[in-house]
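Data first, discussion second: the structure below is written as C-alpha cells.
Throughout, read-outs are computed from the coordinates displayed, never taken from laboratory work. Just so it is clear, the structure is predicted and the values come from calculations on it, not from any experiment. Counting neighbours? That spans all protein chains shown, and the Cβs are built from the backbone with ideal geometry, glycine included.
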Amino acid sequence: MALVSAKEMLTKAKAGKYAVGQFNINNLEWTKAILLTAQELNSPVILGVSEGAGKYMCGYKTVVGMVNGMLEELKITVPVALHLDHGSYDGALACIAAGFSSVMFDGSHYPIAENLEKTKELVGICDSKGISIEAEVGSIGGEEDGVVGAGECADPGECKQIADLGVTMLAAGIGNIHGKYPDNWAGLSFETLDAIQQKTGDMPLVLHGGTGIPEDMIKKAISLGVAKINVNTECQWAFQEATRKYIEEGKDKAGKGFDPRKLLAPGTEAIKATVKTKMELFGSVGKA
Ligand SMILES: [Zn+2]
C-alpha cells in the first residue's frame with residue numbers, strides 16, 4: 001500500500017477513542033522495526049522524521065525512497081503516513097516536494113499572527129496535494145530547553161484560531177515536554193486539554209513527548225480528544241539498552257557477532273517490543 005495522508009486514520013481514531021502512534025525514525029533498522037510491528041498488529045502508523053533525522057538519513061528524498069521501498073518489499077498493507085516532525089516552513093515545503101504524505105509546521109515560536117499566516121499558506125498547499133498537516137500552538141519544550149516542573153500550556157482561543165484554518169491535527173502544549181520528564185513534573189493539564197477540545201470539536205489533538213507519561217494519563221488524554229501520540233526517546237532508550245547489553249556480554253567478539261546485521265539486531269527487536277507496547281496502550285491494535 002502506498003503512503004497515505006494521516007487524515008483518515010486520525011479521524012477514525014478520534015471517533016473511536018484511541019490514538020495512532022507517531023514513531024520517529026533514524027535509520028533503516030528503525031523504519032523496518034516500526035513497519036513490521038504495525039503490520040503484525042494490524043495497526044495504522046505514522047513515521048516521524050525530524051529535520052535533523054532527515055539530514056542524517058541523507059535528505060528527504062532518501063527517506064521517501066527507503067520508506068516506499070519497504071512498503072513494497074515488506075508487503076505492508078496497513079495505513080502508513082510519512083510525516084515531518086516539528087518542521088520549519090521551508091522544511092515542510094521540501095518534504096511536500098520530496099513525497100512525504102504528511103507534514104508538521106511548528107510555528108509555535110512565532111507570534112500567533114505569524115504562526116496563523118504561515119500555517120494558512122501551508123494548509124492551502126497541503127490541501128491541493130492531499131497531504132495532512134499538523135500545526136502547533138503553545139511551544140512544547142524539552143530537557144534541552146531547561147524545562148523544570150511543567151511544560152507550557154496553550155491558549156485554547158489560539159488553538160481554535162489555528163484549527164479553523166483547516167489543519168488536519170493540532171499539537172497543543174498541555175504541560176507535556178520532550179525527552180525525560182523531571183522528577184518534579186506537574187503532570188498533564190487536563191483542564192487545558194478539555195478546554196482545547198471543547199473549542200476545537202472534532203479536530204484530532206496531538207500529544208508530543210509521549211515518553212514517560214504515566215499510562216493512566218495517556219488513557220485520560222485519549223478520552224479527552226488526543227488521537228495522535230508521538231514517541232521518540234523511548235525507542236532510542238530501548239535500542240541503546242539492548243545494544244549495550246549485547247556488547248557488555250561480549251557477543252560482538254564471539255564468532256561473527258561483529259557482523260552489523262547481528263550487532264544491530266537486539267536493538268531492532270527492542271524497538272519492536274517498545275512499539276508493540278505503545279500500540280497496545282494507545283488502542284490502535286487491529287484498527288488498520
Ligand atoms: Zn514534538
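Give me the angle, in degrees from 0 to 90, between the Cα long axis of helix 7-16 and the longest principal axis of the Cα atoms of the chain, rounded to the nearest 10.
On a 0 to 90 degree scale, this one is about 80.
With the Cα gyration tensor of the chain giving a ≥ b ≥ c as the square roots of its eigenvalues, does the rule (a/c under 1.5 for rounded; else a/b larger than b/c for prolate; else oblate) give rounded, prolate or oblate?
It comes out prolate by the Cα gyration axes.
Please work out the FRET efficiency for the pair ALA265 and LYS75, using the Cβ-Cβ distance as r and a Förster radius of 30 Å; give the result to the nearest 0.05.
With R0 = 30 Å, the Cβ-Cβ based efficiency is 0.90.
Name the residues whose placed amide hydrogens come within less than 5 Å of the amide hydrogen of HIS86, ignoring near sequence neighbours (fewer than 5 apart) on the same chain.
The list, which skips near neighbours in sequence, is MET104.
Below 14 angstrom from the Cβ of THR11, what's the summed charge of the other residues (Lys, Arg +1; Asp, Glu -1)?
Around THR11, the charge tally is +3.
Name the residue, out of GLY21, GLY166, GLY201, whose mean-square fluctuation peaks in a Gaussian network model built on the chain with Cα pairs under 10 Å.
Checking each option, the largest mean-square fluctuation is seen for GLY201.
Taking 0.36 nm per residue of sequence separation and subtracting the Cα-Cα distance, how much length would be gained by fully extending the chain between LYS120 and GLU40, in nm to one decimal?
25.0 nm
Could you pull out every residue, at least 5 positions away or on a different chain, whose amide H is within less than 5 Å of the one on GLY141? Hs are placed 1.01 Å off N in the peptide plane, and Pro or chain starts have none.
GLU152, HIS178
Please compute the modelled spin-label separation between ASP194 and LYS61, points set 7 Å along Cα→Cβ, answer in nm with one decimal.
5.2 nm
Explain nothing, just the number: relative contact order of the range 7-233, from Cα pairs under 8 Å at least 6 residues apart, as a whole percent.
20 percent
Could you give the length gained by full extension between MET217 and GLU8, i.e. 0.36 nm per residue of separation minus their alpha carbon distance, to one decimal place?
72.7 nm
Tell me, what is the FRET efficiency for GLU280 and LYS180 to the nearest 0.05, using R0 = 25 angstrom and their Cβ-Cβ distance as r?
0.65
Let's see if you can work this out: charge +1 on each Lys and Arg Cβ, -1 on each Asp and Glu Cβ, no other charges. What is the dipole magnitude of the chain about its Cα centre, in debye to the nearest 20?
Using only the charged Cβ atoms, the result is roughly 1080 debye.
Calculate one ³J(HN,Hα) per residue across the range 23-35 by plugging θ = phi - 60° into the Karplus curve 6.51 cos²θ - 1.76 cosθ + 1.60, and present them in order as whole Hz with x for glycine and proline.
Residue by residue, the range 23-35 yields 10, 6, 10, 10, 6, 4, 4, 4, 4, 4, 4, 5, 5 Hz.
Listed here are the pairs LYS245/LYS272; LYS199/LYS287; LYS256/LYS278; LYS12/LYS61; which of them are more than 25 Å apart at the Cα?
Pairs exceeding 25 Å: LYS199/LYS287; LYS256/LYS278; LYS12/LYS61.
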